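The values are calculated or read from the model by the stated rules, or taken from the named source; none is laboratory data. Quick caveat: nothing in here was measured; it's all calculated off a predicted structure. Neighbour counts are summed over all protein chains in view; Cβ atoms, including those assigned to glycine, are modelled from backbone coordinates with ideal geometry. Heads up: the accessible areas ignore ligands, DNA and RNA and are worked out on the full protein's heavy atoms, side chains in. Shrake-Rupley method; radii C 1.70, N 1.55, O 1.52, S 1.80 Å.
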Amino acid sequence: MKYFKFKYTREHEEEQKSIANNSVYKCLIGVLNKLIPKANPDFEQKYNNVSTWYIEYDDDKQFTSKEIGLNEKGKVIVKAPYKKNLGLWVDSCLQYEDYLSFDVIPIKKEEFMVLWDIPLVI
């Protein structure tokens, strides 16, 4: 498993629009198109408030297995998979190499798990 975090803002989306053939861009658009209330009913309105994402990436199977979103105050406001919520990144086709364009910062599993274990209030 790989564990990492990155800042992600609307500016990242605008940068990706200028690179229409970029695989990250195509995946991101696919993910955003999936953001309908039934895909993530508890988090739909919270995604715009996420400033930092924490990711658990399964490098053997090459997929995002868990995600945690923190707001600007460092509070966990989304995590997935969680109940009926598939997640933004978990439900994407991004490979680890695609995430590198977000200037990821490697973290330890323990740092991720501390955040994962925080009860989520919806």
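Computed values, structure above
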{"item": "Label-to-label distance, nm, for residues given as E72 and K108 (7 Å Cα→Cβ offset)", "result": "3.1 nm"}
{"item": "Exposure of F63 as accessible area (Å², to 10), given a probe of 1.4 Å and all protein chains", "result": "80 Å²"}
{"item": "Length released on extending from L100 to K84, taking residue separation times 0.36 nm less the Cα-Cα span", "result": "2.9 nm"}
{"item": "Tally of Lys pairs whose C-alpha atoms are under 18 Å apart, taken over region 56-122, 8 or more apart or cross-chain", "result": "9"}
{"item": "By accessible area with a 1.4 Å probe, ligands and nucleic acids excluded, highest first: order of K7, K83, K46", "result": "K83, K7, K46"}
{"item": "Quarter of the Cα convex hull surface for region 36-118, i.e. its orientation-mean projected area (nm²)", "result": "5.7 nm²"}
{"item": "With DNA, RNA and ligands ignored, accessible area of D103 (1.4 Å probe; Å², nearest 10)", "result": "120 Å²"}
{"item": "Spacing of the two label points (7 Å from each Cα toward its C-beta) at F6 and D60, in nm", "result": "2.4 nm"}
{"item": "All-pairs alpha carbon distance profile, region 82-122, 5 Å steps from 0, percent", "result": "5, 15, 18, 25, 23, 12, 1"}
